[in-house]
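Inspection log for the structure reproduced underneath, given as structure tokens.
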């Protein structure tokens, strides 16, 4: 005669199925991580560029038409393009009424293909 014990617990099939569901969920969650990190980097870049735009719009007396001004990753002005993260360029709009200027901030500062850009128009006094 065989004795069948009735000890409560999970079968091997139930445990394997639960592990499969958890693994699937973790893989799906981990696939979102790179997208979230890229979005956070883009948001930080845009926030820094907008801060640079705000600062530059108050420096009308130092602005030169078409001459780039370079900034580091913290938004501080730099004397040269070496190691710069952002590039700002003033463009005075000659035919605009009222007189105005366009400020463009691009990143990265080096190269011709900017991955990001923000612009604003400043009305001149």
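Could you please find all residues in the stretch 112-124 being over 21 Å from residue 43 (Cα atoms), in a loop (DSSP other than H, G, I, E, B) and out of contact with any helix residue (DSSP H, G or I) (no Cβ under 8 Å at 6 or more places or on another chain)? So that I can check it myself, show each step before the final result.
Of the residues in the stretch 112-124, the ones over 21 Å from residue 43 (Cα atoms) are 112, 121-124.
Narrowing the set further to residues that are in a loop (DSSP other than H, G, I, E, B) leaves 112, 124.
Matches in the stretch 112-124: 112 only.
Checking residue 77 against (1) within 23 Å of residue 121 (Cβ to Cβ); (2) touching a residue at least 24 places away in the same chain (Cβ under 8 Å); (3) in contact with a strand residue (DSSP E or B) (Cβ under 9 Å, 6 or more places away or on another chain), which test does it fail?
Answer for residue 77: the failing condition is (2).
Condition check: exposed (fewer than 10 other Cβ atoms within 10 Å of the Cβ), in contact (Cβ under 8 Å) with a residue 24 or more places away in the chain and either closer than 27 Å to residue 124 by Cα or in contact with a strand residue (DSSP E or B) (Cβ under 8 Å, 6 or more places away or on another chain) (or both). Does residue 66 satisfy that?
Working: exposed (fewer than 10 other Cβ atoms within 10 Å of the Cβ): yes; in contact (Cβ under 8 Å) with a residue 24 or more places away in the chain: yes; either closer than 27 Å to residue 124 by Cα or in contact with a strand residue (DSSP E or B) (Cβ under 8 Å, 6 or more places away or on another chain) (or both): yes.
Yes, satisfied.
Go through 13, 22 for me and flag whichever is over 27 Å from the mean Cα position of the chain (by Cα), surrounded by fewer than 10 Cβ atoms within 10 Å (Cβ to Cβ) and part of a helix (DSSP H, G or I).
Details: 22 fails: surrounded by fewer than 10 Cβ atoms within 10 Å (Cβ to Cβ).
Every option except 13 fails the conditions.
Which residue pairs have Cβ atoms under 8 Å apart, sit 6 or more places apart or on different chains, and have a first residue in the stretch 103-125 that is surrounded by 14 or more Cβ atoms within 10 Å (Cβ to Cβ) and a second that is at pLDDT below 85 and not in a loop (DSSP other than H, G, I, E, B)?
122/60
Consider residue 19 against the criteria (1) free of Cβ contacts under 8 Å to residues at least 40 places away in the same chain; (2) under 25 Å from residue 112 (Cβ atoms): it satisfies all of them except one. Which criterion is unmet?
Against the list (1) free of Cβ contacts under 8 Å to residues at least 40 places away in the same chain; (2) under 25 Å from residue 112 (Cβ atoms), residue 19 comes up short only on (2).
Just for the stretch 38-61: of the residues that are under 14 Å from residue 124 (Cβ atoms) and surrounded by 11 or more Cβ atoms within 10 Å (Cβ to Cβ), which one is modelled with the lowest pLDDT? Working first, answer last.
Residues of the stretch 38-61 that are under 14 Å from residue 124 (Cβ atoms), as a first pass: 56-61.
Applying the additional criterion that residues be surrounded by 11 or more Cβ atoms within 10 Å (Cβ to Cβ) yields 56-57, 59-60.
Details: 56: 88, 57: 85, 59: 84, 60: 78.
That would be 60.
Just checking, does the stretch 86-102 include any residue being surrounded by 14 or more Cβ atoms within 10 Å (Cβ to Cβ), assigned to a loop (DSSP other than H, G, I, E, B) and either under 21 Å from the mean Cα position of the chain (by Cα) or free of Cβ contacts under 8 Å to residues at least 60 places away in the same chain (or both)?
Among the residues of the stretch 86-102, not one is surrounded by 14 or more Cβ atoms within 10 Å (Cβ to Cβ), assigned to a loop (DSSP other than H, G, I, E, B) and either under 21 Å from the mean Cα position of the chain (by Cα) or free of Cβ contacts under 8 Å to residues at least 60 places away in the same chain (or both), which makes the answer no.
The values are calculated or read from the model by the stated rules, or taken from the named source; none is laboratory data. None of the values given here were measured: they were computed from a predicted structure. Backbone-built Cβ (ideal geometry, glycine too); neighbour counts: all protein chains shown.
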